[in-house]
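One structure below.
The values are calculated or read from the model by the stated rules, or taken from the named source; none is laboratory data. None of the values given here were measured: they were computed from a predicted structure. For neighbour counting, all protein chains shown are included, and Cβ atoms are generated from backbone atoms with ideal geometry for every residue, glycine included. These area figures cover heavy atoms from the full protein model, side chains too; ligands, DNA and RNA do not enter into them. Shrake-Rupley method; radii C 1.70, N 1.55, O 1.52, S 1.80 Å.
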Amino acid sequence: MLDTLTIEGESFTYDAIRSGAYATTPLRRYAQHTLAFCHAWLNGQTQFTIHTSGSTGVPKPIQLERTQMQQSALMTGKALGLAQGQRALVCLNTQYIAGIMMLVRGFELGLHMTIVPPSENPLKNLKETTSHTAPFDFVALVPMQVQAILQYPTGIPWLNALQVAIIGGAPVNYALAKALKPLRSQVYITYGMTETVSHIALRQINAPSHAEEYKLLPGVRMRQDKRGCIEIQSPTTRHQWITTNDLVQLIDATHFKWLGRADRVINTGGVKVQVETVEQAVDEAMNEQGILRRFFVASLPDHRLGEQVVVVLEGVPLPQDMQQTLLKNTTGLLKKYEAPKSMYFVAEFAETPTAKIDRLSTLKRLRKS
């Protein structure tokens, strides 16, 4: 059984963490915070307060039981075929559920953990904080990190040496999905939330077929409510049904397609438009024009339609001809009422603590400008 982990290039035995002896080592604040959670876990703490990221609402604290977190780790290990002794890189923020659950998986599955502070490019951080060069077997990333790794000189060989990578926290755009398909390692997009103790379903983006379908983890059940939103029952929810705002298409008992969020439906001229459908089209059109910017689709008040579908891009305004071409190409991929009518620009998007786009705050900035 493994009994050490590495953080900031220093190795700590589980006994040293359990006893609090690690506190005598000069460490940066992030490492201290991370080891404080490890100390609590290794000493058998039974309840943990986890804060949601705030990407779909106001951040809030959620109480999770140790047994829920253990069940989540075991379910993930079984689904991904993770084995004791494998190496895991922990590079997500350990103040939130995604990073915390990487630590719990390490403890519960017997993985050797190398922990680095969260950054845009974990490989740079890894090079600066440890001399470890052996390949990793398992990593969890957000799309921004994957994009940075793909552009790094050794990034693609590093990804190919993995057994499995899971990606969550934000949508994977058209260009990134295309770049991931040739990878030899198994690359999964996750579906889940703090309330379900991290992910409860996975979608292999580089699978030879059915790459758009999510598959439930072992022991998870699902159903739809009257709105068409998924409801989830799992050992991680203490077998209680959790209602979400995620619209889905059920394929069978264990597979579904994610359509978008019910609270991101725009009513324009009496027609309901799903924001995520429009964003996929905008993403594809931007990729074809070589426009590499963050964006999102939203609605603004319109005297005739009630709500007008618009695109909000980060950065300085594009030239008018490029804007018109983008709107035209997007229109060709959508139904009449789905197509964005206007384009707006914000110098810098507001973000949540986990670096997700804060849409509501960004729209407030737009209205003030």
Give the shape of the stretch 285-369 as rounded, prolate or oblate, defined through the alpha-carbon gyration tensor: a ≥ b ≥ c are the square roots of its eigenvalues, a/c under 1.5 means rounded, and otherwise the shape is prolate if a/b is larger than b/c and oblate if not.
-> oblate
Report, in whole Å, the centroid distance computed from the Cα atoms of the stretch 273-303 and the stretch 79-106.
-> 33 Å
With the convex hull built on the alpha-carbon atoms of the stretch 200-245, volume per residue in Å³ sits at 80 Å³
If you place +1 on the Cβ of every Lys and Arg and -1 on the Cβ of every Asp and Glu, how big does the dipole about the Cα centre of the stretch 283-369 come out, in debye to the nearest 20?
-> 320 debye
Mind ranking ARG221, ARG294 by accessible surface for me, highest first, 1.4 Å probe?
-> ARG221, ARG294
With a ≥ b ≥ c from the Cα gyration tensor eigenvalues, square-rooted, and the rule rounded for a/c under 1.5, otherwise prolate when a/b > b/c and oblate otherwise, the stretch 127-270 is prolate
How large is ³J(HN,Hα), in whole Hz, for each residue of the stretch 4-13 in order, when computed from phi with the Karplus curve 6.51 cos²θ - 1.76 cosθ + 1.60 and θ = phi - 60°, using x for Gly and Pro?
-> 9, 9, 10, 9, 6, x, 9, 9, 10, 6
Among VAL146, PRO157, ALA350 - extreme Cα towards positive end, dipole of the chain, charges at beta-carbon = ALA350
For the stretch 226-303, report the convex hull volume of the alpha-carbon atoms normalised per residue, in Å³, without decimals.
-> 161 Å³
Any idea what the relative contact order of the stretch 227-305 is, in percent, if you count C-alpha pairs under 8 Å spaced at least 6 apart?
-> 19 percent
Taking only the alpha-carbon atoms of the chain, what semi-axes of the equivalent ellipsoid follow from 5 times the gyration tensor eigenvalues under a square root, in whole Å, largest first?
-> 37, 23, 20
Once normalised by the length of the chain, the mean sequence separation of its alpha carbon contacts under 8 Å that are 6 or more apart gives a contact order in percent of 11 percent
Amide N of the stretch 60-88 lying under 18 Å from the label point, which is placed 7 angstrom from the Cα of LEU360 along Cα→Cβ | 60-62
On full extension of the chain, what length is gained from THR4 through ALA161, given 0.36 nm per residue of separation minus the C-alpha to C-alpha distance?
-> 54.2 nm
Residues of type aspartates and glutamates that LYS368 reaches as a straight line, Cα spacing below 19 Å, ignoring anything fewer than 8 places off in the same chain | ASP302, GLU307, GLU314, GLU348, GLU351, ASP358
Using only the Cα atoms of the stretch 39-127, build the gyration tensor, take square roots of its eigenvalues as a ≥ b ≥ c, and label the shape rounded, prolate or oblate: rounded if a/c is under 1.5, else prolate if a/b is larger than b/c, else oblate.
-> oblate
Going by accessible area, probe 1.4 Å, with all protein chains left in place, what is the ranking of LEU300, LEU89, largest first?
-> LEU300, LEU89
Are any of the pairs LYS272/LYS328; LYS215/LYS328; LYS178/LYS364 more than 31 Å apart by Cα-Cα distance, and if so, which?
-> LYS215/LYS328; LYS178/LYS364
Given Cα pairs under 8 Å that are at least 6 residues apart, what percent is the relative contact order of the stretch 95-241?
-> 14 percent
If amide H atoms are built 1.01 Å from N in the plane of the peptide, which residues on other chains or at least 5 residues away come under 5 Å of the amide H of GLN224?
-> GLU231
